[in-house]
Amino acid sequence: MSSTPPATTQPPPAKPLPAPPAPSSRMLSGLGEAWAVFRKDLLSELRTRYALNALLVFALTTLLLVAMTVVTQGQGLTRLPGGEVGQTAARATLLAGLLWIILFFSGMSGLARAFVKEEEARTAPALRLAAQPLAVFFGKMLFNVALLVAMALLIVPLFVLFLKPDVKDGALLLAETVLGSASLACVTTILGAIVARAESRASLFAALAFPIVLPVLVIVVNGTAAAFAGGPPSEEARNQLVGLVSYVVMLVTLSAWLFEQVWRD
Amino acid sequence: MQLRLENVGKWYGRRRVFDGVSLELAHGECLVVTGPNGSGKSTLITVLAGLQRPTTGVIRLCEKGAALPREAWRHVVGWVAPDLTLYPELSARENLDFFARVLGRPADAARRDRLLARVGLAGRENDLVRAYSTGMRVRLKYAFALLNEPRLLLLDEPTATLDADGMALVDEIIAEQRCRGLLVLATNDPREIRHGDWRLDLGSGSALQ
């Protein structure tokens, strides 16, 4: 370095660094680290109710508003072609669309904030310094999935209670609710990570979310309509669920691969 | 452990923050980075922590001549800075336990409590950080930085907002760090500058003295 001599005496030599862990042990440790991020976010959320309040207030208000104002009975909705009273395909589709509008916008109001909160509270640098990026990504994704699935499991029974859809395939409705909301949470996680570091967050989120989220919403709305209508479309919906899971697995794999670049710089 | 910087520079778009920094720091040495406000002291510290990539040049943390991979830095770097914030909605214990877990360290409550006592937070370990004074938060940052027994300790304005006891604590930590590894301080405080074996003045074109 320069010619200035050190001001202190020679320190003792450092202890050697521990050997790097084996790949299998690294993977286990990565899972443990992701779980730690999930637990931290959960504890943090239970204390601040940051996302929980936003999600619940939005979901319940929208649900009540829809229940009070949207006409879901009458000509073309509850009158079958033969003149009998029942649920038409149009009503099943309308109610499925309304349900996912409520779940989607409620989710967006809270989930996108998982990373924004870290940036705004300036806790992101400490997390960036200490945690490996994949642990952060999967920990936050797990938290978002847990939060949205829990909210969906609360909202769907209330929706059935207030709007009275004729549920023909309960198992399919449950599968659509759980897989659909988990899928939305997964795709929201990576979008949240991208926009957290951008200046114009809201507009960027909307622009990025539209093409990525739309396929998920189309599949779950069709599937939920099939669960309400029953009959042959329900079989098709089960196949579409497999497609949904494949799409989300592909998206999560790609996101995990890209996440380090997004998170680090 | 050695720290090597080769022609390191940082630019934000067309604005140059610093450029052409080359140096080598050996085990037990302390580098002090000085310069006026906006000269890039804090930016250099965050680049050394791996929190930002340098625009130009290379930074190597070497152990026995071999450069450590970037993903291993988190196990050997400690950082204290005004920009560092720990989770206000968690207690000091919960913060340290969380960071120990994400660092892949085994749970060690006794060590964590010793660390908190060491930085003067004994008796307040279970209080939420949001209830801490500014000085107490800085003390907690030191506990966080020492959690992984860092080989490279990066201190940005090390004693800002600390009382006399806090400053004495920082002096002790600096003396200890010389035995454990390397130290980089970003400061303009004459009391802190005296710790340095080398001085990098970013206000004078990155000159090393």
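What follows is calculated from the coordinates using simple rules that are stated; it is not laboratory data. These numbers come from a predicted model, not from an experiment. We place every Cβ from the backbone using ideal geometry, glycine too, and count neighbours over all the protein chains shown.
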For the protein assembly as shown, percent of DSSP beta bridges that are antiparallel (nearest 5) comes out at 55
With label points built 7 Å along Cα→Cβ from the Cα atoms of B:Ala110 and A:Ala150, find their separation and express it in nm. 3.6
Relative contact order of the stretch A:32-264, please, whole-number percent, based on alpha carbon pairs below 8 angstrom and at least 6 residues apart. 27
Normalised by the number of residues in the stretch B:77-126, what is the relative contact order in percent for Cα pairs under 8 Å and 6+ residues apart? 38
Show the residues, 5+ positions off or on another chain, whose built amide H is closer than 5 Å to the amide H of B:Arg105. none
Sorted by packing (mean other beta-carbon atoms within 10 Å per residue), highest first, where do A:174-187, A:236-249 land? A:174-187, A:236-249
Size of electric dipole in chain B: Cβ of Lys, Arg +1 and of Asp, Glu -1, about Cα centre, debye, nearest 20: 540
Within 10 Å of each Cβ in B:81-88, the average number of Cβ atoms from other chains: 5
At a 10 Å Cβ-Cβ cut-off, how would you order B:Phe99, A:Phe210, fewest neighbours first? A:Phe210, B:Phe99
Within 10 Å of each Cβ in B:51-58, how many Cβ atoms from other chains are there, averaged over the peptide? 2
If packing is taken as the average number of other Cβ atoms within 10 Å across a peptide's residues, how do A:138-148, B:126-136, B:170-180 rank, most packed first? A:138-148, B:170-180, B:126-136
Charge dipole (chain B, unit charges on Cβ, about Cα centre) - positive-most of B:Tyr142, B:Trp11, B:Asn188: B:Trp11
Once A:Arg47 and A:Asn239 are pulled to full extension, the length gained, defined as 0.36 nm per residue separation minus their Cα-Cα distance, is 65.1 nm
Dipole magnitude (debye, nearest 20) for the stretch A:32-264, charges at Cβ of Lys, Arg, Asp, Glu: 500
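For Cα pairs less than 8 Å apart in space and 6+ apart in sequence, what is the mean separation divided by the residue count of the stretch B:1-146, i.e. the relative contact order in percent?
Computed value for the stretch B:1-146: 21 percent relative contact order.
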Cut-off under 5 Å, modelled amide H: who pairs with B:Asp156 long-range: B:Val80, B:Ala81, B:Ala186
Mean residue ellipticity at 222 nm from the helices of the protein assembly as shown, using -39,500 (n - 2.57) per DSSP H segment of n ≥ 4 over the full residue count, to the nearest 500 deg cm²/dmol? -19000 deg cm²/dmol
Positive-end residue of A:Val218, A:Leu56, B:Leu48, charge dipole of the protein assembly as shown with Cβ unit charges: B:Leu48
With each pseudo-label sitting 7 Å past Cα toward Cβ, what's the A:Glu260-B:Ala175 distance in nm, one decimal? 4.1
Which entries of B:Lys64/B:Lys141; A:Lys40/A:Lys140; A:Lys40/A:Lys117 have Cα-Cα distances beyond 19 Å here? B:Lys64/B:Lys141
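How well do other chains shield peptide B:93-103, expressed as the mean number of their Cβ atoms within 10 Å of each residue Cβ?
Average neighbour count from other chains, rounded to a whole number: 6.
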Provide A:Lys164, B:Lys64, A:Lys40, A:Lys117 in ascending order of the number of other Cβ atoms located within 10 Å of each residue's Cβ, fewest first. B:Lys64, A:Lys164, A:Lys117, A:Lys40
Under a point spin-label approximation (7 Å from Cα along Cα-to-Cβ), what is the A:Thr253-A:Leu31 distance to one decimal in nm? 1.9
Positive end of the dipole of the stretch A:113-265, charges at C-beta (+1 Lys, Arg; -1 Asp, Glu), about the Cα centre: which of A:Ala131, A:Ala150, A:Val187 has its Cα farthest in that direction? A:Ala131
